[in-house]
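Student: I'd like to ask you about the structure that follows.
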Amino acid sequence: MANEENTNVEELKLDDARRVKVLSPGMLVAKRFFRNRLAIIGMVIIIIMFLFSFLGGALIPYSQSQVFYRTEEMKKDYAGATYINDYLLYEDKDAEIPSDLYSKSILAITKKQAVVETRGGGSLALRPLAGDSYIIYSAEEIKNPRAMKSQERKDAAAESDNYFEYDDVSYIFDDATGKELLYRVSEMAVICKLSFTPFSEETKLGYDFYKGALLAMSEDDKKFEFDGASYTIQQDGEATAMVLAEDGSDYVYISNMNMNSVIGGVFLTPDFKETAALAIEEGKESFEYTNADGETDTYLLSEKSGQHLIARNQETRVIDTYASPSKEHVMGTDANGMDLLARLMYGGRISLMIGFVVVFIEMLLGVIVGGISGYFGGWVDNVLMRLVDVIYCIPSMPLYLILGSIMDHYRATPTVRIYMLCVIMGSIGWVGIARIVRGQILSLREQEFMVAAEATGVRVSRRIFRHLVPNVVPQLIVFATMDLGAVILAEATLSFLGLGIKYPAASWGSIINAVNDSYVMTNFLFVWVPAGILILLTVLAFNFIGDGLRDAFDPKMKR
């Protein structure tokens, strides 16, 4: 008897047809879906993408806009030097200076005249000194044979000097016309092609110092007094000299070269200028200088268009652009010195969020318009379907270009751009869903369950969204999963074209935007290849899931 009972009781296997019949429709769909290996692979990839983007972004210590720096030695311009080709005028503040003093002085030097007339009717007299320097006087012609025949006048002529003093009065004589003319003069300024650099920024130089130094350079004793102190000229050639104070310390450096720092707040000491000028005159390519703190630096010399450039190698903090993958930056850094792994994680949030928000907007609009159109038919259907046709005819790319330009003009923030992008893409992409819903409802509204719902007095909105739309949900789910990949790809394309997400916010498409530069594309593959792979895997995964759901909801379509 026991054997007969065991024979009559037949065990049902899990995949037995009779066993399947007792499963709910949802279980049947799930069973078919999980049998599809590609759908499972797609599901695993999407889960990994969500963990990578949302959980990884929360765990990584860097933000998407954090900029990293590195220290490296770079050649930087330090100073510039040029020979003084134009005359420099140092005026006596106590003298009455005519407006055309400089131009008339240059005219006199050019024509080698000792005396010239000014625009105001006065006269200027020039006394030549050594090193192409001159003292400028205001001159008044006089008739004074006694001063002309004085011993001082004879001594000045013997020394080839047109200046002399007689009875505590200064005179200049001019014999350029063949007739000696005598002028009583008073000092106004000195003019030369030399610059004066004090050793201390607090040192103030006056006209008497300039005149005394230039006179000392022209005389043998090389000494002069200024402001109650005695100074000595230590000359090195005609155009370079050092002015020493009474205690023998360096006081002022005189040179025929202008040298200025290109770095704000840096004072070039006379020692530095002297060392640099000597190196330039000797034609060296570099020189060493030890500053007051005992630090020795090497300076590089170069010439460009008559200007001598002084540069030095110094440690500089620069943006760590295109850094190769390392422990600190697993995937390296981008053109802005930002961590690529962090930007990929935060970019995944935006790309996935845009995909789901856009699909939600499309579903909402498509179900409402398609449900109303399919249920009521007639003129309502005609009006709504013509609206769908009009939206179908709107070219999306030109619209994106226009709206992108508008947002650029108003300098929209990255957050506003994300919201606008979702709204725009959702407002254009719902028409396909509306047609699918309309077609399904047109075939469902005449079925018996709808006649029964109408007979029981169920209101119209409940009939559409409670009885008809749920029967379209399988098709909507399949469409949504397929559309998610398309939306992510569209967002990546817009960001790649510069119309989507803007710096500093990141999306996978904006990260790939670096590929616009062919040099980056070929030499820094780690910048754009990972983002491209993530987009590829995500879109492929959503397509796998969509195919799996389509086969699960309608096994007859399975090939």
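Student: Please compute the Cα-Cα pair-distance distribution of the stretch 412-453 with 5 Å bins starting at 0, giving whole percents from short to long.
Tutor: Calculated P(r), rounded to whole percents: 5, 19, 14, 12, 11, 9, 9, 8, 6, 4, 2.
Student: Please report, in cubic angstrom per residue, the volume enclosed by the convex hull of the alpha-carbon atoms of the chain.
Tutor: Working: hull volume 171.6 nm³, N = 559.
Dividing the Cα hull volume of the chain by its residue count gives 307 Å³.
Student: Enter the mean projected area of the convex hull around the alpha-carbon atoms of the stretch 29-75, in nm², rounded to one decimal. Can you show the working numbers first?
Tutor: Numbers: hull surface 24.7 nm².
If I average the Cα hull's projected area over directions, I get 6.2 nm².
Student: Please go through the residue pairs K112/K211; K75/K204; K93/K223; K104/K273; K75/K193 and name each one whose alpha carbons sit more than 26 Å apart in this structure. Before the final figure, lay out the partial values.
Tutor: Working: K112/K211 21 Å; K75/K204 34 Å; K93/K223 24 Å; K104/K273 32 Å; K75/K193 32 Å.
Beyond 26 Å between Cα atoms: K75/K204; K104/K273; K75/K193.
Student: While we're looking at this one, here's another question. With every protein chain present, what is the per residue accessible area of the chain (1.4 Å probe, Å²)?
Tutor: Numbers: 31090 Å² over 559 residues.
Each residue of the chain exposes 56 Å² on average to a 1.4 Å probe.
Student: Next up: If R₀ is 25 angstrom, what is the calculated FRET efficiency for the pair F267 and A229, using the beta carbon separation as r and rounding to 0.05?
Tutor: On the way: r = 23 Å, r/R0 = 0.92.
FRET efficiency, F267 to A229: 0.60.
Student: Turning to a different aspect of this structure: Compute the long axis of helix 473-496 from its Cα atoms, compare it with the longest principal axis of the Cα atoms of the chain, and write down the angle in degrees, 0 to 90, nearest 10.
Tutor: Taking Cα atoms only, the helix is inclined about 10 degrees.
Student: To the nearest 20 debye, what is the magnitude of the charge dipole of the chain about its Cα centre, counting +1 on the Cβ of each Lys and Arg and -1 on the Cβ of each Asp and Glu? Don't skip to the end; give the middle numbers.
Tutor: On the way: 52 positive and 71 negative charges, 1202 e Å.
Roughly 5780 debye, rounded to the nearest 20.
Student: Modelled label-to-label distance, Q307 and C393, 7 Å Cα→beta-carbon offset: nm?
Tutor: My value for the distance between the label points is 6.2 nm.
Student: In Å and whole numbers, how far do the C-alpha atoms of the stretch 346-457 stretch along each principal axis, longest first?
Tutor: Here the spans come out as 57, 30, 19 Å, largest first.
Student: So for each of 276-283, 385-392, 417-424 I average, over its residues, the number of other beta carbons within 10 Å; can you give me the resulting order with the highest mean first?
Tutor: Values: 276-283: 15.5, 385-392: 13.8, 417-424: 18.5.
In descending order of packing, they fall as 417-424, 276-283, 385-392.
Student: Here's a follow-up. Helix 340-376: angle to the longest alpha-carbon principal axis of the chain, degrees 0 to 90, nearest 10?
Tutor: On a 0 to 90 degree scale, this one is about 50.
Student: Okay, moving on. Among P504, V44, I545, whose Cα projects farthest towards the positive end of the dipole of the chain, with charges put on the beta-carbon of Lys, Arg (+1) and Asp, Glu (-1)?
Tutor: I545
Student: Give the cross-link partners of K149 among the lysines, using a straight C-alpha distance below 23 Å as the criterion and excluding same-chain residues fewer than 8 apart.
Tutor: Reachable lysines: K179.
Student: Got a number for carbon plus sulfur as a percent of the stretch 330-443's accessible area, 1.4 Å probe?
Tutor: Values: 3740 of 5150 Å².
After summing per-atom areas, the C and S share lands at 73 percent.
Student: Determine how many Å³ per residue the convex hull of the Cα atoms of the stretch 417-521 encloses.
Tutor: Working: hull volume 11.5 nm³, N = 105.
With only Cα atoms used, the stretch 417-521 gives 110 Å³ per residue.
Student: Next question, about the same structure. Contour minus end-to-end for N291 and E448, with contour as 0.36 nm per residue of separation and end-to-end as the Cα-Cα distance? All intermediate terms of the calculation are to be shown ahead of the outcome.
Tutor: Working: separation 157, 0.36 × 157 = 56.52 nm, distance 10.02 nm.
Taking 0.36 nm per residue and subtracting the Cα distance, the gain is 46.5 nm.
Student: Also, I was wondering about something else. Starting from the Cα coordinates of the stretch 125-232, work out the convex hull volume and express it per residue in Å³. Provide the component values of the computation, followed by the final result.
Tutor: Numbers: hull volume 13.0 nm³, N = 108.
Cα convex hull per residue, to the nearest whole number: 120 Å³.
Student: Calculate how steeply helix 431-444 sits against the longest principal axis of the alpha-carbon atoms of the chain, using the helix alpha-carbon long axis, and give the answer as 0 to 90 degrees to the nearest 10.
Tutor: 10 degrees
Student: May I ask you to list the chymotrypsin sites (Phe, Trp or Tyr not before Pro) in the stretch 262-304 that are in a DSSP loop and have at most 14 other Cβ atoms within 10 Å of their Cβ? The partial results should precede the final answer.
Tutor: Numbers: sites: F267, F272, F287, Y289, Y299; in loops: F267.
When the chymotrypsin sites (Phe, Trp or Tyr not before Pro) of the stretch 262-304 are filtered for loop state and at most 14 Cβ neighbours within 10 Å, F267 remain.
Student: Along the charge dipole of the chain, Cβ charges K/R +1 and D/E -1, which of V185, G265, T82 sits furthest on the positive end?
Tutor: Farthest towards the positive pole: G265.
Student: How far apart, in nanometres, would the label points at F356 and A158 be if each is projected 7 angstrom from Cα along the Cα-to-Cβ direction?
Tutor: 10.8 nm
Student: At 222 nm, what value in deg cm²/dmol follows for the chain if DSSP H runs of at least 4 each add -39500 (n - 2.57) and the sum is divided by all its residues, to the nearest 500? Let's see the in-between values first.
Tutor: Numbers: 20 runs with 256 residues, N = 559.
When only DSSP H runs of four or more count, the value is -14500 deg cm²/dmol.
The values are calculated or read from the model by the stated rules, or taken from the named source; none is laboratory data. Treat the numbers as computed from the prediction; the structure is a model and nothing was measured. Positions of Cβ are generated from backbone atoms using ideal geometry, with glycine treated the same way; all protein chains shown enter the neighbour counts. What goes into the accessible areas is simple: the full protein's heavy atoms, side chains included, and nothing from ligands, DNA or RNA. Shrake-Rupley method; radii C 1.70, N 1.55, O 1.52, S 1.80 Å.
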